[in-house]
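A.B. asks: Below you will find the structure I want to go over with you.
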Amino acid sequence: MCAKTFKGGIHPHDYKHFSNHKKIEKFPAPKKLYIPLIQHIGRPAVPIVKVGDEIKKGQKIADASGFVSIPMHSPVSGKITKIGPYPHPTGTIQHAIEIENDGKNEWISKLQDDEQFMSLSPEKMKERIQNAGICGMGGAGFPTHVKLSPPENRPIDIVILNGVECEPYLTSDHRLMLENPEEIIAGLRIIMKILGAKRGYIGIELNKKDAITVFKQMLRDEKNMSVVPCMLRYPQGAEKQLIYAATKRKVPAGGLPMDVGAVVQNVGTAFAIYEALRYHKPLIERITTMSGSIVNEPKNLKVPVGTPLSQLLEFCGGTTEDIGKIISGGPMMGFALPNSDAPATKTTSGFVFMSPAEVVDTTEAPCLRCGRCVDACPMNLIPTFIAENVKNAQYDAAMKLGVLDCIECGSCGYVCPSHIQLVQWIKIGKIEVNKLKLKDK
Amino acid sequence: MNLVNVSSSPHLHEHVNVRKVMWTVVIALLPALIAAYIFFGWRSIWITILGVAAAVGTEALVQFLTKRPITVSDGSAVVTGMFLAFNLPPLTAWWIPVVGSVFAITIGKQIFGGLGYNPVNPALLGRAFLMASWPVQMTTGWATKLANAGVSTISGLKQTLITGGDAQLQNLITSATPLNVAQQIRGDIIAGTAGDSARTIFHQLSSLDYIKELFWGNIGGCIGEVSAAALILGAAILVYKHYIEWRIPISYIGTVAFLSWMVGGIDGLFSGPILFHIFSGGLILGAFFMATDMVTSPVTKKGRLIFGLGCGILTVVIRTWGGYPEGVSYSILIMNVATPLIDRLTPQKPFGFRKKSKK
């Protein structure tokens, strides 16, 4: 198998064996759900219900507040009991709509089966995707209809589906690819039609050989779609790195994939797009991996958006010992949570639980100038110099060193023998540099 | 609910720390130390132990006196002590490694703030200090294994010289490393003051038989530089563990190979014995272990190539025209000083920098 990759990066131990053989299980909707008004990059949604309202499953409960925003729908039927601040899986407190599930599971309108969905116009397709409240399901969560509306001077000729899933522990995309490959391919076809793209790729890392085989088999007669087996290397799933692996095109620094005629979508997003177009189904559930060495029964769950983490953990039999760290998302880029109150959102690819012994020591030693972070950086930056400049408040120097090009993948922190919190410093640097830029304007 | 840790990503680590890196370097140096024992005997082990003990003791003492945490268990002082001893003749005076280590740790490392802040490699600074202060102790006391002495060993070469009756050279080669022999007779040959036997010796030095001896270590030299084979074995461990990276050693050795081929011969340009220059002296030790010292070498990728290139040029210049037969440690020291400048002048372009859309 001729595998593709990029320069730099690391190879973390992958820990996927906890859950990669576990079939997706449907998690029964809990008594109470908490739908955050912001589950994506963009402006938060605006509630269109009030406390005490009776709602049905699939009903829109919050509307998009602009173009770069998405609406929210209720995953259950029941009653709105509260709208207010609630823990969010980014480790912050955000406004959320609390819903009390009445257990009746009544849809607002019966799901339709629109077999002719492929004959819709691209505009109509985008509208349906926007109405379904779909955002990128890989992690960052960019509203999908925005990504599918590139400016006219940026023609898109390739679409890449991201099935790389390079984060250790996470297996939700892997299971989805094994269990719903046809729907994912249909989703890719829709995206290609919307963008008028000529070629479609599905990038999958070599540690998911079964998924590669499935897609190879299914795409063997397709002229314009193919699988790109990718080397096991983190962060292979980052957009710029994946585009480079698949096409050798380099997204310009500070630019976007569309600058090289490419659009990348997560496989989960493709699946959601298919469901939205064929069944008019809003995005109200997603596949989430529950994993970690201390989880009694690691699982891949189909979770209604808004389900509190504590309930998911209970469903997995709790933990075998005290929890040292809870991570929403993967361990390389995810957020550490102070407790298990936060709900799963549209972008929650998984929750990882670590024992106290597995928690990484964060006591910083002096930089040895070993250059390991430089070798690991997939963006060819010098993380240690950037961090040093940020520590000394030399933000201009940090900007010259390309602090804004950092994709926060965490490879530098992973290899640093002095345990310097490089990504943390760089994140601070990004905020400060952006502040300076705003001032200049 | 118990208190849960909420530190920043990444939440996984390769589990590499300073201690692990340093002790792995110590392990990687053991084959060379064993080779030193085989070829030079117990004396070389004794010198090394003295150097290490003095380095560790000094570091602990300085940290105690300056009320800083005592970090000798991280292994960096052990490495410094070993490097220093490895750069000494096996039969040198016992106090030489002690004085050298004390100087290396205090002046070379601790006055700058300890590990991570030292501008130059402490062990090399210690050696330079010894070289300047006690040149006799630093350039005599060479030993060779006499067991299988033939023409291909240094003592054998000396024998050839004496019986060959080339009186001029006899005095030069009283006791020396092969590089010393080569530099001296090369100078005489080019100046036209040496006879035919000198030419023969030079060719013998570069013969494949002799290169084999060089490679395995059946020669005179400093404690740690004797066996190229043992050093390469140790370096392989560090390369495998990704503790050293290819750029510095390869550009260093490559530069030395090319330049010594160009100017290191006796039959005009491009006649130099490449393998002789690579495997003799401290080049292998220097290129894989000393030049790659994390703290004092550039962090940028291009910077590392320039660093190796600079070391290579200086080494050949000193070896060929300098006052010392060996240029490795001075070259690295000089390039250490240039490291901050190199890092400054070689910023890396971020991935996709200034590339216009390819469409």
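Only the coordinates and a few stated rules stand behind these numbers; no lab work does. These figures come from a predicted structure and were not determined experimentally. Virtual Cβ from ideal backbone geometry, glycine too; neighbours counted across all protein chains shown.
A.B. asks: Any aspartates and glutamates with Cα under 13 Å of the A:Lys57 Cα? List them, leaving off those in the same chain fewer than 8 positions away.
C.D. replies: A:Glu100, A:Asp102, A:Glu106, A:Glu285
A.B. asks: Divide, for the range A:118-238, the radius of gyration over alpha carbons by 2.2 N^0.38 Å, where N is the residue count. Don't jump to the answer; show the numbers that get you there.
C.D. replies: Values: Rg = 14.5 Å, N = 121, 2.2 N^0.38 = 13.6 Å.
Output field value: 1.07.
A.B. asks: Pull up the cross-link candidates among the lysines for A:Lys427, meaning alpha carbon to alpha carbon under 20 Å and not fewer than 8 places away within one chain.
C.D. replies: A:Lys240, A:Lys391, A:Lys400, A:Lys435, A:Lys437, A:Lys439, B:Lys349
A.B. asks: For the range B:276-346 and the range A:63-105, what is the separation of their C-alpha centers, rounded to whole Å?
C.D. replies: The range B:276-346 and the range A:63-105 have Cα centres separated by 62 Å.
A.B. asks: Something else now. What is the range B:1-114 by shape, rounded, prolate or oblate, if you read a ≥ b ≥ c off the alpha carbon gyration tensor as root eigenvalues and call it rounded for a/c under 1.5, prolate for a/b larger than b/c, and oblate otherwise? Don't skip to the answer; put the middle values down first.
C.D. replies: Values: a/c = 3.57, a/b = 1.74, b/c = 2.05.
Oblate is the answer for the range B:1-114, as a/c is 1.5 or above yet b/c matches or exceeds a/b.
A.B. asks: If you split all Cα-Cα distances of the range B:233-306 into 10 Å bins from zero, what percentages do you get per bin, shortest first?
C.D. replies: 20, 45, 27, 9, 0
A.B. asks: Quick one: Cα convex hull volume of the range A:396-441, Å³ per residue?
C.D. replies: Taking only Cα atoms, the range A:396-441 has a hull volume of 68 Å³ per residue.
A.B. asks: Separate question: Quickly work out the A:Lys31-to-B:Leu208 label distance, labels modelled 7 Å from Cα along the C-beta direction, and quote it in nm with one decimal.
C.D. replies: 8.6 nm
A.B. asks: According to the square roots a ≥ b ≥ c of the eigenvalues of the Cα gyration tensor, what is the shape class of chain A, taking rounded for a/c under 1.5, prolate for a/b larger than b/c otherwise, and oblate for the remainder? If you can, show how the numbers build up before the last one.
C.D. replies: Working: a/c = 1.41, a/b = 1.19, b/c = 1.18.
Because its axes are fairly even, with a/c under 1.5, chain A counts as rounded.
A.B. asks: Also, quick follow-up: Please report, in Å, the Rg and the Dmax of the range A:27-116, where both are computed over Cα atoms only.
C.D. replies: Looking at the range A:27-116, its Cα Rg and Dmax stand at 13.6, 43 Å.
A.B. asks: Using the 2.2 N^0.38 Å rule of thumb for compact globular proteins, work out how the protein assembly as shown stacks up: its C-alpha Rg over that value, please.
C.D. replies: 1.17
A.B. asks: For the range A:250-384, take the alpha-carbon Rg, divide it by the Kirkwood Rh, and send me Rg/Rh.
C.D. replies: Expressed as Rg/Rh, it is 1.06.
A.B. asks: May I ask for the distance between the Cα centers of the range B:34-106 and the range A:386-441, given as a whole number of Å?
C.D. replies: Between the Cα centres of the range B:34-106 and the range A:386-441 lies a distance of 39 Å.
A.B. asks: Next up: Residue-wise, which Karplus ³J(HN,Hα) couplings in Hz belong to the range A:109-115, taking 6.51 cos²θ - 1.76 cosθ + 1.60, θ = phi - 60°, and x for glycine or proline?
C.D. replies: Result, rounded to whole Hz: 8, 4, 5, 8, 10, 9, 5.
A.B. asks: What helices does chain B hold that run 27 Å or longer along their axis, going by alpha-carbon atoms, with a Kyte-Doolittle average of 1.6 or more, using DSSP H for the helix calls?
C.D. replies: B:18-40
A.B. asks: What list of ³J(HN,Hα) values in whole Hz, one per residue of the range A:321-337 in order, does the Karplus curve 6.51 cos²θ - 1.76 cosθ + 1.60 (θ = phi - 60°) give from phi, with Gly and Pro shown as x?
C.D. replies: Along the range A:321-337, the couplings run 8, 4, 8, x, 7, 10, 10, 9, x, x, x, 7, 10, x, 9, 7, 9 Hz.
A.B. asks: Also, quick follow-up: So how far, in whole Å, is the C-alpha centre of the range A:362-376 from the one of the range A:222-279?
C.D. replies: 31 Å
A.B. asks: Taking only DSSP H segments of four or more residues, each worth -39500 (n - 2.57), what value at 222 nm results for the protein assembly as shown once the sum is divided by all its residues, to the nearest 500 deg cm²/dmol?
C.D. replies: Computed mean residue ellipticity for the protein assembly as shown: -12500 deg cm²/dmol.
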